[in-house]
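The values are calculated or read from the model by the stated rules, or taken from the named source; none is laboratory data. Remember, it's a predicted structure, so these values are computed and weren't measured experimentally. Counting neighbours? That spans all protein chains shown, and the Cβs are built from the backbone with ideal geometry, glycine included. Just so you know, the surface numbers come from the protein's heavy atoms only, side chains and all, with ligands and any DNA or RNA stripped out. Shrake-Rupley method; radii C 1.70, N 1.55, O 1.52, S 1.80 Å.
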Amino acid sequence: MTVVALTIAGSDSGGGAGIQADLKTFQELGVFGTSALTAVTAQNTRGVHGVYPIDAQGVTAQIRAVMDDFNVGAVKTGMLFSANIIQAVAETLQSYGPSALVIDPVMIAKGGASLLLDEAVQAMKELLIPLASVITPNIPEAEVLASMSIKSDSDVVEAANRLLKLGAKAVVMKGGHRRQANYAEDLFLSAAGERFTLRSEWIETKDTHGTGCTFSAAITAQIAQGKTIAESVITAKHFIQAAIADGLTLGGGHGPTNHWAYKRLGKTAGKDVVLID
Ligand SMILES: Nc1ncnc2c1ncn2[C@@H]1O[C@H](COP(=O)(O)OP(=O)(O)OP(=O)(O)O)[C@@H](O)[C@H]1O
Ligand SMILES: Cc1ncc(CO)c(N)n1
């Protein structure tokens with residue numbers, strides 16, 4: 001049976017992040033990808049040159065078109081831009097009953113451009129995060145959502161617990177903005193009490209455009225295929241490690257990761273990833 005996933009996110013004309021990264025990742029992991037566009041960005045590896053949001057009604061209509069016609073196994077959200085769009089997404093998804101929902105709370109692109117208005121943060125916390133099967137903030141996003149600064153390991157745990165209190169069933173605190181010696185470490189915590197760290201070797205590269213989108217899309221593809229949240233996060237870490245390690249060196253700025261690497265490498269993909277209880 002063909003498994004279907006839906007991404008609700010922005011377009012990256014440069015193809016490394018956003019909806020393009022999501023659809024490529026779904027494809028590589030054997031899932032049929034559908035999409036609802038929230039905004040068009042004029043973007044490349046060097047930065048974001050313009051943001052053109054879709055109106056909330058248009059976002060709702062896209063989600064309805066997909067949900068009314070397909071049996072969607074899992075949904076992910078990326079760039080949502082405004083409070084209006086967040087409200088439309090939350091209400092529309094809820095009207096179909098509970099879905100497996102991965103929230104990547106995208107806020108700022110690598111070059112510093114804002115992909116979420118300040119006014120939208122509250123809507124994200126109140127309307128969307130309570131629906132999350134798992135939320136995958138990077139450290140700056142976790143600081144905003146948990147209203148605290150994150151410096152130490154215990155801050156990471158405290159912020160994760162605050163996000164669980166907002167209603168997410170699980171959280172992955174991504175470590176790409178908080179290098180630990182030679183490692184990139186992501187902390188997984190669930191409301192049911194599971195906890196582990198995924199550690200991989202830190203890769204020296206500037207080609208990290210879209211790492212977060214790719215990682216959360218890989219989680220979504222796995223959940224759609226019936227894996228548990230924890231299993232999905234582990235596979236996604238292998239996927240992103242392989243994709244960063246085999247970066248494509250395209251463009252003059254932060255190049256995209258390599259979505260082909262995971263499948264090509266087979267069992268050796270992300271082989272340095274270690275799970276620490
Ligand atoms: N240099 C690196 N080496 C190894 N793993 C990395 C590196 N940078 C990021 N990662 C991993 O990539 C994944 C995404 O983390 P990151 O914190 O970069 O997300 P992000 O900031 O949301 O990405 P983006 O905004 O570019 O989409 C995590 O699993 C993280 O550990
Ligand atoms: C459209 C879009 N979504 C997400 C990100 C975050 O990487 C980006 N740069 N662009």
Report every pair of residues separated by at least 6 positions or lying on different chains whose Cβ atoms are under 8 Å apart, first residue within the range 150-177 and open to solvent by 60 Å² or more (accessible area, probe 1.4 Å), second within 14 Å of ligand 1 (Cβ to nearest atom) and among the aliphatic types (A, V, I, L, M). Arg162/Leu145; Lys169/Val134; His177/Ile139
Take the range 1-59 and flag every residue that is open to solvent by 40 Å² or more (accessible area, probe 1.4 Å) and polar (S, T, N, Q). Thr2, Ser13, Gln20, Gln27, Ser35, Asn44, Gln57
Anything in the range 208-232 that is within 12 Å of ligand 1 (Cβ to nearest atom) and polar (S, T, N, Q)? List them, or say none. Thr208, Thr211, Thr214, Ser216
Considering each of Thr235, Thr205 in turn, give the residue that is part of a helix (DSSP H, G or I) and either open to solvent by 10 Å² or more (accessible area, probe 1.4 Å) or more than 10 Å from ligand 1 (Cβ to nearest atom) (or both). Thr235
Cβ-Cβ below 8 Å, separation at least six or inter-chain, first residue in the range 4-22 and free of Cβ contacts under 8 Å to residues at least 40 places away in the same chain, second part of a helix (DSSP H, G or I) and within 11 Å of ligand 1 (Cβ to nearest atom): which pairs? Ser11/Gly18
In the set Ser200, Ser216, the lone residue that is open to solvent by less than 40 Å² (accessible area, probe 1.4 Å) and assigned to a helix (DSSP H, G or I) is Ser216
So, in the range 49-66, how many residues would count as being within 26 Å of Ala221 (Cβ to Cβ) and either among the polar types (S, T, N, Q) or within 16 Å of ligand 1 (Cβ to nearest atom) (or both)? 2
Can we say Gly167 is touching a helix residue (DSSP H, G or I) at 6+ places or on another chain (Cβ under 9 Å), farther than 16 Å from Val106 by Cβ and in a loop (DSSP other than H, G, I, E, B)? yes
When you go through (1) away from ligand 2 (no atom under 16 Å from the Cβ); (2) within 24 Å of Leu6 (Cα to Cα); (3) among the hydrophobic types (A, V, I, L, M, F, W, C); (4) in contact (Cβ under 8 Å) with a residue 40 or more places away in the chain one by one for Ala261, which number turns out not to apply? (4)
Which count do you get for residues in the range 95-113 that are at pLDDT 95 or above and surrounded by 15 or more Cβ atoms within 10 Å (Cβ to Cβ)? 8
Where residues in the range 60-84 are free of Cβ contacts under 8 Å to residues at least 40 places away in the same chain and charged (D, E, K, R), which of them is surrounded by the fewest Cβ atoms within 10 Å (Cβ to Cβ)? Asp68
From the options Leu187, Leu248, Leu265, residue that is in a loop (DSSP other than H, G, I, E, B) and of a type in the set (A, V, I, L, M, F, W, C): Leu248
Restricting the range 238-247 to residues that are more than 9 Å from ligand 1 (Cβ to nearest atom) and in contact (Cβ under 8 Å) with a residue 24 or more places away in the chain, which is farthest from Leu198 (Cα to Cα)? Gly247
